[in-house]
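I am attaching a structure below and will ask some questions about it afterwards.
The values are calculated or read from the model by the stated rules, or taken from the named source; none is laboratory data. Predicted model, so just to flag it, every value in this text is computed and none were measured. Using ideal geometry, Cβ is built from the backbone for each residue, glycine included, and neighbour counts are taken over all protein chains shown. Surface areas here come from the heavy atoms of the whole protein model, side chains and all, with no ligands, DNA or RNA. Shrake-Rupley method; radii C 1.70, N 1.55, O 1.52, S 1.80 Å.
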Amino acid sequence: MERTAPSSGELLEIAVELARDAAATAYRMRAEGVSVAATKSTVTDVVTAADRAVETQVLDALRRLRPADAVLGEEYGAGETEVAAGGVRWILDPIDGTVNYLYGLPHYAVSLAAEVDGEVVAGVVRNVPTGEEWTATAGGGAWRDGRRLRCSTETDLGQALVGTGFGYDPKRRAHQARVVAELIPHVRDIRRLGAAAVDLCLAAEGRLDAYYEKGLAAWDQAAGALVATEAGLRVAGLGGRPAGPDLVIAAPPALFTPLHDRLADLDASGGP
Ligand code: IPD
């Protein structure tokens, strides 16, 4: 049965409240000491007790507040809930930047987005140790601390500071490193900060000029990509495809084509 979805503003309000509570849990657990609970795709792809605790906390809150909604989370997946037409699906990364969390590097975030009919309409990314909080609604702009965000106005790829990241699979990392080695002579510099959601938000306020990465999951990019888009970046994949696991490119309109074409030449979406 078709349902009427709440407005994107209402969904954002819920997302922000839950992300703040989740960030408080992650922060407290880090202060108490971090332990690796398990590994996933490779031995360096870790899950901490906090990843699980934060995801469980948000799942419980959503079940209470919005029992009919579906949830896709990094640690526990999609569960059983089907998304009805007009229904809401929440996309959660309990801690994006888990390796930074493990090492105490101040660049890890709770990322929570709400999707209606396959379109992300609201999202929040909260950098846990700094308290920076980026929000966006579809058509309603991207914001941090009451300030509307605009992306970089850089037009020359040679002057652009470009963020990127690496997956956990060693073969994929080797391919990604080859791409970076060929790209770096053509840009100002490269940053690998370690949390894709935050990277996208930094691009939204021009603290990075652009960002790209192969291999991102929906939870890594759903909220951050909305923030970036609403700040004026073009967010897409190669050859007119939407951004997805093959490649996410987020760049201001003037930088998009030059960066896209370089990445296409370097086969950035190829390899394992
Ligand atoms: C990772 C981070 C990292 C990116 C990886 C992601 P996780 O997410 O976003 O910056 O390069 O591709 O898997 O594992 O910390 O949630």
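Counting other C-beta atoms within 10 Å, and keeping those with at most 15, which DSSP coil GluC sites (Glu not before Pro) do you find in the range 1-63?
Working: sites: GLU2, GLU10, GLU13, GLU17, GLU32, GLU55; in loops: GLU2.
Answer in residue order: GLU2.
Between 0 and 90 degrees, rounded to the nearest ten: what's the tilt of helix 170-183 against the longest Cα principal axis of the chain?
50
Write down the Kirkwood hydrodynamic radius of the chain, to one decimal in angstroms, obtained as one divided by the mean of 1/r over all alpha carbon pairs.
Computed over Cα pairs of the chain, the Kirkwood hydrodynamic radius comes out at 18.6 Å.
Sticking with this structure for a sec: Check which residues have an amide H placed less than 5 Å from TRP90's amide H, if you skip close sequence neighbours.
For TRP90, whose amide H was placed from the backbone, the distant partners under 5 Å are ALA70, VAL71, LEU72, GLU115.
Which cross-chain or sequence-distant (5 or more) residues have an amide H under 5 Å from the amide H of VAL128, H modelled 1.01 Å from N in plane?
TYR108, ALA109, VAL110
Something else now. Be a star and scan the range 149-182 for residues whose amide nitrogen sits under 13 Å from the point 7 Å along the Cα-to-Cβ vector of ASP261.
Of the residues in the range 149-182, 157-158 have backbone N under 13 Å from the label point off ASP261.
Can you pull the percent of Cα pairs in the range 50-189 with separation above 22 Å?
55
Can I ask one more? Note down the magnitude of the dipole of the range 1-138 about its Cα centre, charges +1 on Lys and Arg C-beta and -1 on Asp and Glu C-beta and zero elsewhere, to the nearest 20 debye.
Here the size comes out at about 380 debye.
Here's a follow-up. For the range 121-235, what is the charge dipole size about the Cα centre, in debye to the nearest 20, if Lys and Arg each add +1 at the Cβ and Asp and Glu each add -1 at the Cβ?
About 200 debye.
Sticking with this one: Of the heavy-atom accessible surface of the chain (probe 1.4 angstrom), what whole percent is carbon and sulfur?
50
Under a Cβ-only charge scheme (Lys and Arg +1, Asp and Glu -1), can you give me the dipole magnitude of the range 61-209 about the Cα centre, in debye to the nearest 20? Mind showing how you got there, number by number?
Numbers: 17 positive and 21 negative charges, 61 e Å.
Roughly 300 debye for the range 61-209.
Report ARG207's accessible area, 1.4 Å probe, all protein chains in place, as a number in Å² to the nearest 10.
Here the accessible area works out near 110 Å².
How much accessible area per residue does the chain have, counting only protein heavy atoms and a probe of 1.4 Å, in square angstrom?
Result: 43 Å² of accessible area for each residue.
Stokes-Einstein diffusion coefficient for the range 39-80 at 20 °C in a medium of 1.002 mPa s, Rh from the Kirkwood formula over Cα pairs: what value in µm²/s? Walk me through the intermediate numbers first.
Numbers: Rh = 11.3 Å.
The estimated diffusion coefficient comes to 190 µm²/s.
Assuming a viscosity of 1.002 mPa s and a temperature of 20 °C, what translational diffusion coefficient in µm² per second does Stokes-Einstein assign to the range 113-180, Rh being the Kirkwood radius over Cα pairs?
Calculated translational D: 140 µm²/s.
Kindly write out, for the range 235-241 in residue order, the coupling ³J(HN,Hα) from the Karplus curve 6.51 cos²θ - 1.76 cosθ + 1.60 (θ = phi - 60°), rounded to whole Hz, with x marking Gly and Pro.
My calculation for the range 235-241 gives 10, 7, x, 7, x, x, 7 Hz in order.
Restricting to Cα atoms and excluding each atom paired with itself, what does the Kirkwood estimate give for the range 1-122 in Å? Provide the component values of the computation, followed by the final result.
On the way: mean 1/r = 0.0669 Å⁻¹.
Computed over the range 1-122, the radius equals 14.9 Å.
Another one. For the chain, what does the helix formula give at 222 nm: sum of -39500 (n - 2.57) over DSSP H segments with n ≥ 4, over the residue count, nearest 500 deg cm²/dmol?
Helices in the chain give a 222 nm mean residue ellipticity of -11500 deg cm²/dmol.
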